[in-house]
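S.K.: Sharing a structure, written as structure tokens. Questions coming.
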Amino acid sequence: MRSDVLLYFDDEAGAALRLAQAASLAPAPVARHRFPDGEIRLQLPDPLPARVVLLRTLDRPNDKLIELLLAARTARTLGARHLTLVAPYLAYMRQDIAFHPGEAVSQRIVGRFLAELFDAVITVDPHLHRVTALQEAVPVAQAVALSGAPLLAELIAQRRPGALLIGPDSESAQWVSQAAARHGFEHAVCAKQRRGDHEVDIQLPALPVAGRPVVLLDDVASTGNTLAQAARLLRAAGAATVDVAVTHALFAGDAAQCLREAGVGEIWSTDCIAHPSNAVFMADILADALKRLD
Ligand code: R5P
């Protein structure tokens, strides 16, 4: 094939074509057939050039990890010498220790699995809690962690100038303070205690919110309960509006509806995961990272 290739799956065609254009890559779909018993068959372009990029965001990750195994191993047999995974959302990063005896430390296991398949991994706002560098979780030659926060901050500055920017937990301080430094938002974070998959306790920061537009900024909304609980408290405290901006729109089940019922107005997300709330596109930022790889 002519130039470096971007392999992608049909359900990510939109993001793939944006990335291919931004990074000057030749887009090539991977054909996929699902057998009645649930197994899959993949077919890649043959032959492949020496440098190949594979785009696969890892929401709903379990089937996709098998796809990565089949696609990466096949790409090597078809001529790929340098294989980069662009996984805008990187799954299984939250279980970084065994919280109870016998638990699988999924972050390490999935990280090593990816490192055995790829030469480079690029992702966005990976959920790294107890490790500081992506390479500790994904021990690959080049591990690149980008952020969606600057794009979201720019959007918030346009749509809600003068908003109070709130992070729903202490971990969100990194994105909130970064966005505030750039656009001068007043900002703070809540305190959060998780009691289960669907139960969180939130304490609002001690600053007046009555009559003010508030935007909640976080890396990921999964069940939506974290943001919904923060929004409920903010509305009860008199916030004029509460909007939400997240890098990763996982929105499991009825998460979006749960946010609306909590009094959230706008929901904005990056296109790391395709979702109707996507309001900013990561293609240029991902393309820059691809160009900087060895
Ligand atoms: C946790 O620290 C993350 O930043 C998110 O706040 C969390 O994963 C959101 O989960 P959920 O939407 O299920 O409350």
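S.K.: Filter the stretch 245-257 down to residues that are free of Cβ contacts under 8 Å to residues at least 60 places away in the same chain and assigned to a loop (DSSP other than H, G, I, E, B), then give me how many there are.
M.R.: Counting residues in the stretch 245-257 that are free of Cβ contacts under 8 Å to residues at least 60 places away in the same chain and assigned to a loop (DSSP other than H, G, I, E, B) gives 4.
S.K.: Do we have any residue at all in the stretch 212-225 that's away from the ligand (no atom under 12 Å from the Cβ) and open to solvent by 10 Å² or more (accessible area, probe 1.4 Å)?
M.R.: Checked against the condition, which is being away from the ligand (no atom under 12 Å from the Cβ) and open to solvent by 10 Å² or more (accessible area, probe 1.4 Å), the stretch 212-225 yields at least one hit.
S.K.: Any residue in the stretch 258-273 that's of a type in the set (Asp, Glu): show its pairings with residues that are assigned to a strand (DSSP E or B) at Cβ separation under 7 Å, as long as the two are six or more apart or on different chains.
M.R.: 266/243; 271/278
S.K.: Next question, about the same structure. Among the candidates 197, 288, 219, 284, single out the residue that is of a type in the set (Asp, Glu) and over 15 Å from residue 151 (Cβ atoms).
M.R.: 197
S.K.: Looking only at residues that are touching a residue at least 40 places away in the same chain (Cβ under 8 Å) and open to solvent by less than 40 Å² (accessible area, probe 1.4 Å) in the stretch 93-116, which one is farthest from residue 138 (Cα to Cα)?
M.R.: Among residues in the stretch 93-116 that are touching a residue at least 40 places away in the same chain (Cβ under 8 Å) and open to solvent by less than 40 Å² (accessible area, probe 1.4 Å), the one farthest from residue 138 (Cα to Cα) is 96.
S.K.: Kindly list, by first and then second residue, each pair from a residue in the stretch 120-132 that is touching a residue at least 12 places away in the same chain (Cβ under 8 Å) and within 12 Å of residue 290 (Cβ to Cβ) to a residue that is away from the ligand (no atom under 12 Å from the Cβ) and small (Gly, Ala, Ser), limited to pairs with Cβ atoms under 6 Å and residues at least 6 apart or on different chains.
M.R.: If the second residue must be away from the ligand (no atom under 12 Å from the Cβ) and small (Gly, Ala, Ser), the pairs left are 121/143; 122/289.
S.K.: Same structure, new question: Look through the stretch 130-152, keep the residues that are more than 16 Å from the chain's Cα centre (by Cα) and part of a helix (DSSP H, G or I), and return whichever of them is surrounded by the fewest Cβ atoms within 10 Å (Cβ to Cβ).
M.R.: Looking at residues that are more than 16 Å from the chain's Cα centre (by Cα) and part of a helix (DSSP H, G or I), I get 136.
The values are calculated or read from the model by the stated rules, or taken from the named source; none is laboratory data. All figures in this text were calculated on a predicted structure; none of them were measured in a lab. So basically every Cβ, Gly included, is an ideal-geometry build from the backbone, and we count neighbours across all protein chains shown. Ligands, DNA and RNA are stripped out before the accessible areas are found, and what is left, the full protein with its side chains, is counted by its heavy atoms. Shrake-Rupley method; radii C 1.70, N 1.55, O 1.52, S 1.80 Å.
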